[in-house]
Structure formats: C-alpha cells, structure tokens
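Step one of this worksheet: look at the structure below.
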Amino acid sequence: MRALRLPAIRGLAWITEGYRLFAKSPLLLVLLILAYWFLMLGSNVIPILGPLAATALIPTFSVGLMVACRALDRGEAAEMNQLFTGFRSNFPALLRLGLAYLVSTVAILAISALFDGGTLMKMMLLGVHPAADFGDDDGLLLATEVAMLLFVPVLMGFWFAPMLAAWHGMPAFKSIFFSYFACLHNVRAFLIYGAVLATLAIVVPAVLFALLAAILQSPGVKFAVIVVMPFFLVLVATVFASFYTSYRDIFREPEASAAAPDATPES
C-alpha cells in the first residue's frame with residue numbers, strides 16, 4: 001500500500017471532483033446523508049449508551065457512503081442499501097476503529113473539561129445545554145478551542161482508515177497509521193482543502209445571508225434561511241464525496257499513479 005504525495009492544489013480538486021460526483025445523483029446522495037444523520041440522531045433516544053454506540057458506528061456507516069460515491073465514480077448506480085455495506089466489509093476492524101474513535105473523543109473531551117468544568121463534554125456526550133450562551137462562556141470557548149486542536153491528529157488518523165480497513169482488509173490500528181501519515185505527507189493539500197471549505201461553509205453563507213436580509217429587510221431573513229439551507233445540503237454532500245475523491249487521489253492504483261508524474265509515492 002502506497003500513499004502518494006500530491007501538489008497542494010489537489011486539495012481544491014478534491015472539492016470540485018466531489019461536487020461532480022454529487023451532481024451525478026444529487027437526490028440519492030442527499031437522501032443517503034439524511035438517512036445517516038437520522039440514524040445517528042435516533043440513537044439519542046437511548047440515554048448515554050445511544051450516543052456512544054452511534055459514535056462507535058461512524059466508521060461503519062461512513063464506508064457505506066463511500067461505497068455509494070465509488071459506485072457513482074465508476075458510472076454505476078448508487079443505492080440506499082449501500083449505507084449498510086460496512087457491516088459486511090471487515091466489520092470487526094471497522095468496529096474496533098469506531099471504539100478507538102470513541103475512546104479518542106472521550107479522552108479529548110475529558111482534557112477539555114479542565115478548562116470548562118465538563119460543560120463541553122456534557123454537551124457532546126449527553127446533549128446537555130450550557131447554562132450561559134456559548135459566546136458568553138470564556139471557559140467553554142477555551143475548552144472548544146483546545147478540543148478542536150487536539151482533534152486534528154485524530155481526524156488525520158481516521159480520515160482514510162475506514163476505507164483502508166473495508167477495501168484493503170487492513171487491521172484497525174494499521175489503517176489509522178496509514179491514514180495519519182497519508183494526511184501528514186499531504187498536509188499542504190489538506191490546508192488548501194480546509195481553507196476552501198471554511199470559505200464555502202462560513203464566508204459565503206454569511207455574505208449571502210447578510211445581503212438578502214439587507215435587501216429584503218425583515219422578510220429577507222426568512223428568505224435567506226430558505227436559500228442558505230439548500231446550499232448547506234449541497235455543500236455537506238460535496239464534502240462527503242470529497243472524502244472519497246481524496247482517498248482515490250492519494251491511494252491510486254499503480255497504473256493510475258504511473259500516469260501522474262506530479263505525484264510522489266510514499267511508504
């Protein structure tokens with residue numbers, strides 16, 4: 001298994017190519033993502049154990065979404081039942097990945113509790129609302145910043161791990177190792193990727209919302225929400241598809257990598 005070192009500009013290509021995949025079957029991809037969200041939210045009905053189980057199954061369900069993206073990429077039909085294919089693709093390794101992800105998340109939230117007395121942990125694990133507004137609680141803001149910083153290496157380790165476990169039969173921790181170093185070797189591309197996504201997710205909706213609200217005044221706020229929400233659905237679907245395009249780009253088949261002279265193989 002080789003991970004390629006790619007030019008920084010490929011980070012932008014993952015998003016544009018992800019959108020092209022989305023455009024091949026937009027309704028189905030949105031429905032798959034909504035079904036995934038409803039399954040995750042439905043688990044909250046069971047106190048404590050429900051959210052923990054949902055977190056542990058994230059890698060398994062993410063494989064299902066990636067299978068649908070791969071089918072679209074190959075010109076094949078994507079289907080709703082593909083959401084559950086992770087349960088048939090090296091599921092023991094995917095479950096171990098999920099448990100490792102859960103432990104990592106809980107450990108990070110436990111560290112964040114040193115800064116806010118456990119408010120962020122209760123919010124994330126138990127769904128408890130903070131006593132004060134988010135922006136008014138300095139401890140909660142600091143805890144969130146610390147948690148986001150600590151979560152970066154975890155995200156790197158799990159970015160490609162589900163696909164490596166499901167499609168290449170890798171053990172859980174080996175897939176985390178390969179994923180982490182694949183991201184590390186392509187950190188410049190991921191920085192471009194993150195910057196573009198941040199612009200699309202924060203700057204563009206904020207500007208659009210402000211313009212519509214200013215032009216149409218009071219009714220414009222409701223209209224802006226109606227306009228921005230579909231934009232977010234398209235963006236989220238594109239982001240999920242970009243997970244697959246980044247994998248396809250970095251872990252190419254030998255013949256594909258041979259045709260890409262700008263890519264450098266890494267062990």
Residue 212 being among the hydrophobic types (A, V, I, L, M, F, W, C), modelled with pLDDT of 90 or more and either closer than 24 Å to residue 93 by Cβ or part of a helix (DSSP H, G or I) (or both): no
Extreme residue, surrounded by the most Cβ atoms within 10 Å (Cβ to Cβ), among residues of the range 77-104 that are farther than 20 Å from residue 240 by Cα and small (Gly, Ala, Ser): 93
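Conditions tested, residue by residue: (1) in contact with a Gly (Cβ under 7 Å, 6 or more places away or on another chain); (2) within 30 Å of residue 138 (Cα to Cα); (3) touching a residue at least 24 places away in the same chain (Cβ under 8 Å); (4) not in a helix (DSSP H, G or I).
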{"site": "52", "(1), (2), (3), (4)": "no, yes, yes, no"}
{"site": "61", "(1), (2), (3), (4)": "yes, no, yes, no"}
{"site": "70", "(1), (2), (3), (4)": "no, no, yes, no"}
{"site": "106", "(1), (2), (3), (4)": "no, yes, no, no"}
{"site": "111", "(1), (2), (3), (4)": "no, yes, yes, no"}
{"site": "115", "(1), (2), (3), (4)": "yes, yes, yes, no"}
Of all residues in the range 227-266 being modelled with pLDDT under 50 and touching a strand residue (DSSP E or B) at 6+ places or on another chain (Cβ under 8 Å), the one that is nearest to residue 32 (Cα to Cα): 257
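The values are calculated or read from the model by the stated rules, or taken from the named source; none is laboratory data. This is a predicted model, so every value here is computed, not measured. Note that we place each Cβ from the backbone using ideal geometry, even for glycine, and neighbour counts take in every protein chain shown.
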